[in-house]
């Protein structure tokens, strides 16, 4: 028997449908211990529930709980598998005891790609269709005649062409856009991938964005991607272009972006993620008319946590059956 | 030689790029007379420019000019071909001398279908992604956690499945939606049309809309379609559903729609067209938070008039070559 320790956010712990589902669908070989405070795992840590193996599900708990849990020598050495409910694992890898552990870490990769794929295309249209001009005129009860743009025939550059990036690209292509991609390993792009016309490496990002009408960032947060969208990249973009970030806030130099938006060297930005979340209320982004803020909600569909559980349960079943885990994180690369 | 009388809106007459293009690309067999007032056509009417044949291009001129022009006995009997720059021809057919004339009337069908197809899908996402909630929170510098919806997997019902409706449907299908259609002649639907799952006649509209998350109206303005979207249809729709009108305002019973939106028997409406345009500034639609008004601009792309000219020039060439006209209006049906 294996003990599954679910390090949960209080809001998830309080959700009976979700905890019921977790208990019902996790294979019976796991003995489940759910908690949001270190005390909830006292029996596991103190040995009253000493087992051969411990598995850990990070269910959106605070970092301190992960640190406290993993710091316990009695637990740390027994951990055999760790899983992140989210696709991004930078919070978990910020805990050394997780990052340096020999046990595999899998994640919720793919669970949120469809919603972010839709959002990416939506964000293009939000700017093309000039929603702000329309809303302002409506609020002033003023009839207007204003041009709207098309996304059909326009060019998108997806920076970070993983599962999320590919979901944005396929939808953009379906709407008649031309799509290029920038990714860490261009050679990983399938020969059958008809969504993208050109795939280049990170080193070529400045060239890749220069013809794009929309630059969609879907990068994970890693040391390598930190502030990858910097002043140089923004300067390479067209004045009419729009930046869309559905990945992680740390990948954008936000000061440089504020300058670019203020000076109109790019036309706008749709930002779902930020270097600091919640975005502080005095941040310049809030007051900029050419910025659409979506509060890290672009993938927060009603079934968000069920999609995350799908990934976890799939892998828990793999563990029990002795099959390979899906979506194993490369801890060195950070995604 | 044939005289082509271009009955133009003053703004088009003032556009040198457009008038230059009209003169350059219209076949030389036409002797072009451009005007926005009846006096501009004096030579044609008085016979100083008497010709065997007259062709008429309605280039968004006011109705009075069309009436005055067609009322001239010397012109009326010589008209051999009429073309409408727009796809909708209800303004032209409101002139008896046009409606009852034996000369064929062709129109700009197809020119604006791509832009309206994009808008139809955009409008679904505008509501699914809860833009209003996001914009309000941003303006108040308030971080929120709010669910967003998906259009993938949702159901659209396209009412009026002509060229515009088909362009909405194909894009909706590409984004993963299920699409049904209601049209005057369901049997006209091609067996190869993979965009729609079910196509029914106008008589079945109440049943067709009842499972739809989005009802997209793309009907022409005809006596048959007047107020087709009435209180019964709106009552048949789900409380969570959204009405999107990209066709003509006369096809919706606006009083019934105001009631439905006020009573929340439907969730929202994206309205590009209205029974009276410009929409009077005291109209209830302006003040409704669940209404997105787009001011008949959803197809007003920068190349709108060039797309319209493409259609005209194609048919002018057909006339000269003795080939059949494309997009001939059925004057009895009104589209």
The range A:235-264: number of residues that are farther than 23 Å from residue A:298 by Cα and assigned to a helix (DSSP H, G or I): 6
query: Do we find that residue B:306 is part of a helix (DSSP H, G or I) and surrounded by fewer than 18 Cβ atoms within 10 Å (Cβ to Cβ) in this structure?
result: yes
task: Could you tell me which of the residues A:139, A:113 is within 21 Å of residue A:87 (Cβ to Cβ) and more than 7 Å from every other protein chain (Cβ to nearest Cβ)?
output: A:113
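Let's see how each residue does on (1) over 24 Å from residue B:118 (Cα atoms); (2) in contact with a strand residue (DSSP E or B) (Cβ under 8 Å, 6 or more places away or on another chain):
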residue	(1), (2)
A:158	no, yes
A:171	no, no
A:185	yes, no
A:198	yes, yes
A:208	yes, yes
A:217	no, yes
task: Determine whether the range A:78-96 contains at least one residue that is in a helix (DSSP H, G or I), touching a strand residue (DSSP E or B) at 6+ places or on another chain (Cβ under 6 Å) and under 26 Å from residue A:223 (Cα atoms).
output: yes
field: Test: residue in the range B:148-156 that is more than 12 Å from chain A (Cβ to nearest Cβ), closer than 14 Å to residue B:215 by Cβ and touching a residue at least 40 places away in the same chain (Cβ under 8 Å)
entry: yes
field: Every residue from the range B:267-278 that is surrounded by 21 or more Cβ atoms within 10 Å (Cβ to Cβ) and free of Cβ contacts under 8 Å to residues at least 60 places away in the same chain
entry: B:269, B:271, B:273, B:274
Hey, residue A:265 closer than 26 Å to residue A:134 by Cα and assigned by TED's automatic domain parsing to the domain that holds residue A:155 or not: yes
- prompt: Within the range B:49-61, is even one residue crowded, with 22+ Cβ neighbours inside 10 Å, within 17 Å of residue B:334 (Cβ to Cβ) and touching a residue at least 24 places away in the same chain (Cβ under 8 Å)?
  reply: yes
field: Given (1) within 23 Å of residue B:185 (Cβ to Cβ); (2) in a loop (DSSP other than H, G, I, E, B); (3) in contact (Cβ under 8 Å) with a residue 40 or more places away in the chain, number of the condition residue B:205 does not satisfy
entry: (2)
task: Tally the residues that are closer than 21 Å to residue B:160 by Cα and within 11 Å of chain A (Cβ to nearest Cβ), restricting the search to the range B:293-335.
output: 8
- request: Scan the range B:270-286 residue by residue and report those that are in a loop (DSSP other than H, G, I, E, B) and either more than 14 Å from the chain's Cα centre (by Cα) or not assigned by TED's automatic domain parsing to the domain that holds residue B:126 (or both).
  value: B:276, B:278, B:279, B:280, B:281, B:282, B:283
- line: Checking B:120, B:108 in turn, the sole residue that is touching a helix residue (DSSP H, G or I) at 6+ places or on another chain (Cβ under 7 Å), in contact (Cβ under 8 Å) with a residue 60 or more places away in the chain and away from chain A (no Cβ under 14 Å) turns out to be B:108
task: May I ask you to verify whether residue A:232 is in the same structural domain as residue A:123 (by TED's automatic domain parsing), more than 23 Å from the chain's Cα centre (by Cα) and either surrounded by 15 or more Cβ atoms within 10 Å (Cβ to Cβ) or part of a loop (DSSP other than H, G, I, E, B) (or both)?
output: no
message: Of the residues A:194, A:201, only one is more than 9 Å from chain B (Cβ to nearest Cβ) and closer than 28 Å to residue B:169 by Cβ; which?
response: A:194
- request: Identify all residues within the range B:146-179 that are crowded, with 24+ Cβ neighbours inside 10 Å and assigned to a loop (DSSP other than H, G, I, E, B); write none if there are none.
  value: B:148, B:160, B:161
- request: Could you run through the range A:192-205 and say how many residues are under 21 Å from residue A:224 (Cβ atoms), more than 21 Å from the chain's Cα centre (by Cα) and loosely packed, with under 15 Cβ neighbours inside 10 Å?
  value: 2
query: Considering only residues of the range A:279-291 that are in contact with a helix residue (DSSP H, G or I) (Cβ under 8 Å, 6 or more places away or on another chain) and within 7 Å of chain B (Cβ to nearest Cβ), which is nearest to residue B:131 (Cα to Cα)?
result: A:286
query: Of the residues B:141, B:135, which single one is part of a loop (DSSP other than H, G, I, E, B), at pLDDT 95 or above, outside the structural domain of residue B:308 (by TED's automatic domain parsing) and surrounded by fewer than 22 Cβ atoms within 10 Å (Cβ to Cβ)?
result: B:141
- prompt: Looking at (1) over 23 Å from the mean Cα position of the chain (by Cα); (2) closer than 20 Å to residue A:246 by Cβ, which is the only condition residue A:125 fails?
  reply: (1)
query: Can you tell me which residues in the range A:1-54 are under 15 Å from residue A:81 (Cα atoms), part of a loop (DSSP other than H, G, I, E, B) and out of contact with any helix residue (DSSP H, G or I) (no Cβ under 9 Å at 6 or more places or on another chain)?
result: A:1, A:52
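The values are calculated or read from the model by the stated rules, or taken from the named source; none is laboratory data. All figures in this text were calculated on a predicted structure; none of them were measured in a lab. Note that each Cβ is placed from the backbone with ideal geometry, even for glycine, and that neighbours are counted across all protein chains shown.
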